[in-house]
Amino acid sequence: MSKLAELARLIRSKNAGPFELTFDIMFDDAAVYRRVRDSGALTREAVAARYGLPPAEVKFFYCDNALAVKASIPRPLPQGDLRDGDGHGGQQYAPLMDIEIP
Amino acid sequence: MDEIRILSPTGVMGSGFVETSFERALAHSPHFIGCDAGSTDPGPGHLGAGHAAFPRPAVKRDLRLMLIGARRLGIPLLIGSAGTAGADAHLEWTFGILREIAREESLSFRLALIHAEQDKAYLKRRLGEGRVKPLHPAPQFDERTIERAERIVGMMGAEPFLRALEAGADVVLAGRSSDTAIFAGLPMQRGFAPGLAWHAAKILECGAAAVVNRKTPDCMMAFIRDDHFIVQAPDPELRCTPQSIAAHSLYENADPFLIKECSGTIDLTASRYEAVDEHAVRVSGSRFIPADIYTVKLEGAEKVGYQSVFIGSIRDPFIIRQIDDWVTRLEGRIHARIAQVYGAALKTSDYHLHFRIYGKNGTMGPLEPVKEIRSHELCLIIEVTAPAQETASAIAGIIRHQGLHLPIPEWSGLITALACPYNPAHLDRGAVYRFCVNHVVEPDDPYEMFPMQLCSVAGDTVRECSP
């Protein structure tokens with residue numbers, strides 16, 4: 001088992017417009033990417049669970065030619081709204097870092 | 001024409017680029033220069049207040065180099081989303097900078113200004129006709145939202161840029177634009193495949209962001225041909241790889257394969273990326289699916305109120321271990337003191353208090369999966385938003401005094417519970433705004449929301465001419 005953060009080149013989050021948040025999990029090595037993709041551990045359901053959402057609210061993609069996994073969720077609050085604490089959405093990825101990959 | 005060469009000097013005007021890269025790019029004889037000058041990324045305040053996110057001298061430096069370069073080669077310069085949010089105030093601000101440069105450099109050119117700020121009566125009419133549709137997720141949007149909004153802009157497609165060029169413009173300064181629309185129009189007009197034009201535009205709009213080894217914001221070029229395009233950064237030290245170019249479609253997009261534009265959808269599911277050498281990548285197979293109905297996305301900001309922010313920190317482990325309860329008690333005391341001071345003149349519903357506890361969950365709020373506090377100190381940011389700055393400031397003063405001496409059972413006697421790094425202990429933030437719309441309009445045509453003004457600029461004189 002490895003943690004996702006030990007396998008990825010970059011895990012990041014960012015606004016995709018003011019109303020959505022998107023996560024990119026990017027790899028350097030095709031074999032490592034395939035291991036994560038095929039592990040069954042990094043899925044729409046896994047992301048939904050980490051952010052307390054029903055899976056249907058998560059957009060989820062395997063991007064083979066970019067060696068990347070991508071997920072997008074509705075922002076918990078619109079960007080810059082009164083209680084929003086992360087205007088660029090840049091620090092919302094930490095819950096993904098310790099997903100265990102077989 | 002078997003190739004169109006496009007130069008994007010940087011991802012956002014005002015963020016800079018390297019002058020030697022720009023000169024190298026000009027040596028490739030680009031057919032036009034395009035630059036995105038805005039985004040919603042800095043937040044709703046720029047649209048709401050009519051201010052730009054990048055400093056004036058920084059925008060002027062970038063614009064000066066682009067304008068001189070474009071005039072030297074006699075090629076069009078297309079700028080979209082002027083002044084960050086692309087409303088009339090932002091367009092006017094950027095136009096002021098452009099005029100200053102024209103005067104200082106004795107430049108002459110035909111200029112098109114394209115407005116993107118939306119008339120409220122027009123929006124109400126389209127809303128009434130059922131031609132304003134929500135995206136997902138979308139806030140409530142009705143006539144009252146339109147009336148409350150400080151500014152609403154439409155995000156223009158490629159067509160208004162092309163109309164400006166057809167009217168003879170050398171320089172197009174446009175309000176809010178789809179980032180890609182700045183770059184995609186001309187290649188399509190010259191007969192290149194829409195799929196390639198839009199995909200190249202998607203990469204270009206971020207400048208050199210798609211390279212492997214990004215050093216600073218810098219120039220990017222695309223060479224669109226019959227059945228493929230090549231992307232390459234003019235700085236020979238910057239490398240593009242098939243992976244870096246493919247990965248760029250992930251950035252700030254909810255969907256990495258399908259990207260919605262006014263006139264259709266960019267479809268990257270069949271895109272192929274191949275290395276030309278260690279600097280350049282060949283892209284092919286990208287498609288564009290025309291939409292049945294042309295749509296224009298709206299962005300709007302409304303004023304929420306005026307804000308003051310108190311900042312203080314806590315080091316006492318007794319307070320830290322009961323922080324949630326302590327904050328609840330503090331909130332109660334603040335409300336009680338406000339009621340005492342203002343009476344019926346200020347109801348609880350007239351102002352908004354918000355507590356951010358850094359060291360606990362300040363960054364992620366309710367989404368924070370770590371529930372126990374592992375830090376030996378906490379930072380408290382307490383915000384108040386009220387109908388007037390004077391009221392927000394006064395309440396921030398109340399917050400400070402109530403927080404400073406709020407007792408805990410472990411100590412007897414007067415305590416001072418908060419460390420204040422600033423004096424005064426709060427900061428007045430002025431008006432604050434929120435995004436109030438995530439909808440599209442279905443206009444009759446791509447132009448009705450984007451009126452154009454044509455001017456001829458010659459040094460220090462600007463004459464308006466009819467299109």
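Readers should treat all values here as calculations from the given coordinates under stated rules, not as data from a laboratory. Source: prediction; values computed, not measured. So basically every Cβ, Gly included, is an ideal-geometry build from the backbone, and we count neighbours across all protein chains shown.
If I take R0 = 60 Å and measure r between the Cβ atoms of residue B:462 and residue B:341 in this structure, what FRET efficiency does the formula 1/(1 + (r/R0)^6) give, to the nearest 0.05?
The calculated FRET efficiency here is 0.65.
Work out the length of the dipole vector of the range B:207-306 about its Cα centre, built from +1 on the beta-carbon of each Lys and Arg and -1 on the beta-carbon of each Asp and Glu, and round it to the nearest 20 debye. Write out the running numbers ahead of the final one.
Details: 10 positive and 15 negative charges, 20 e Å.
For the range B:207-306, the charge dipole is close to 100 debye.
Nearest 10 degrees, 0 to 90: what angle lies between the long axis of helix B:323-342 and the longest principal axis of chain B (Cα atoms)?
The angle comes out at about 80 degrees.
Mind telling me which of A:69, A:58, A:32 comes out most flexible in a GNM of chain A, alpha-carbon contacts under 10 Å?
Comparing A:69, A:58, A:32 in the GNM, the peak value goes to A:32.
Along the charge dipole of the range B:172-283, pointing to its positive end and built from +1/-1 on Cβ of Lys, Arg, Asp and Glu, which listed residue (B:216, B:275, B:206) has its Cα farthest out?
Value computed over the given set: B:206.
Taking the Cα centre of the range B:374-464 as the origin and placing charges on Cβ (Lys, Arg +1; Asp, Glu -1), which of B:393, B:406, B:449 is farthest toward the positive end of the dipole?
It is B:406.
Could you pull out every residue, at least 5 positions away or on a different chain, whose amide H is within less than 5 Å of the one on residue B:13? Hs are placed 1.01 Å off N in the peptide plane, and Pro or chain starts have none.
B:36, B:37, B:38
Can you tell me the dipole magnitude for chain B around its Cα centre, using point charges on the Cβ only (Lys, Arg +1; Asp, Glu -1), in Debye to the nearest 20?
Here chain B has a charge dipole of around 860 debye.
If I build a Gaussian network model for chain A, linking alpha-carbon pairs within less than 10 angstrom, which residue out of A:72, A:13, A:39 has the largest mean-square fluctuation?
A:39
When Cβ neighbours within 10 Å are restricted to other protein chains, what is their mean count per residue of peptide A:10-21?
Shielding by partners across A:10-21 averages 5.
Within 10 Å of each Cβ of B:131-138, how many other protein chain Cβ atoms are there on average?
That works out to 2 on average.
For the pair residue B:58 and residue A:64, how long in nm is the line joining their label points, each one 7 Å along Cα→Cβ?
According to this spin-label approximation, the distance is 4.1 nm.
Please give the length that would be gained between residue B:51 and residue B:276 if that part of the chain were fully extended, namely 0.36 nm times their separation in residues minus their C-alpha to C-alpha distance (nm, one decimal).
This chain segment gains 76.7 nm when fully extended.
How do the peptides B:317-330, B:381-394 rank, highest first, by the average count of neighbouring beta carbon atoms within 10 Å per residue?
Top to bottom by mean Cβ count within 10 Å: B:381-394, B:317-330.
Please report B:126, A:44 as a ranked list, fewest other C-beta atoms within 10 angstrom at the top and most at the bottom.
Going from least to most buried by this count: A:44, B:126.
Could you pull out every one of the aspartates and glutamates with an alpha carbon less than 15 Å from that of residue B:202, ignoring same-chain neighbours closer than 8 positions?
Cross-link targets: B:36, B:179, B:252, B:255, B:261, B:267.
Can you compute the charge dipole magnitude of the range A:1-89 about its Cα centre, using +1 on each Lys and Arg Cβ and -1 on each Asp and Glu Cβ, nothing else charged? Give it in debye, rounded to the nearest 20.
Values: 13 positive and 12 negative charges, 21 e Å.
Approximately 100 debye in magnitude.
Rounded, prolate or oblate: which fits the range B:395-467, taking a ≥ b ≥ c as square roots of the Cα gyration tensor eigenvalues, rounded meaning a/c under 1.5, else prolate when a/b beats b/c?
Oblate.
Using only Cα atoms and rounding to the nearest 10 degrees, what angle (0 to 90) does helix A:30-39 make with the longest principal axis of chain A?
The angle comes out near 70 degrees.
Towards the positive end of the charge dipole of the protein assembly as shown, with charges on Cβ (+1 Lys, Arg; -1 Asp, Glu), say which of B:437, B:94, B:195 has the farthest Cα.
The listed residue farthest towards the positive side: B:437.
When ranked by the protection proxy of mean other Cβ atoms within 10 Å per residue, highest first, what sequence do the peptides B:28-39, B:130-141, A:88-99 form?
B:28-39, A:88-99, B:130-141
Report, in deg cm²/dmol and to the nearest 500, the calculated mean residue ellipticity at 222 nm for chain B, where each DSSP H run with n ≥ 4 adds -39500 (n - 2.57) and the sum is divided by the residue count. Write down the numbers at each step before the final one.
Numbers: 13 runs with 142 residues, N = 467.
It lands at -9000 deg cm²/dmol.
Per residue of A:26-39, count partner chain C-beta atoms within 10 Å of its C-beta, then hand back the mean as an integer.
Average neighbour count from other chains, rounded to a whole number: 1.
Before rounding to the nearest 500, sum -39500 (n - 2.57) across all DSSP H runs of length at least 4 in chain A and divide by the residue total; then give [θ] at 222 nm in deg cm²/dmol.
-5500 deg cm²/dmol
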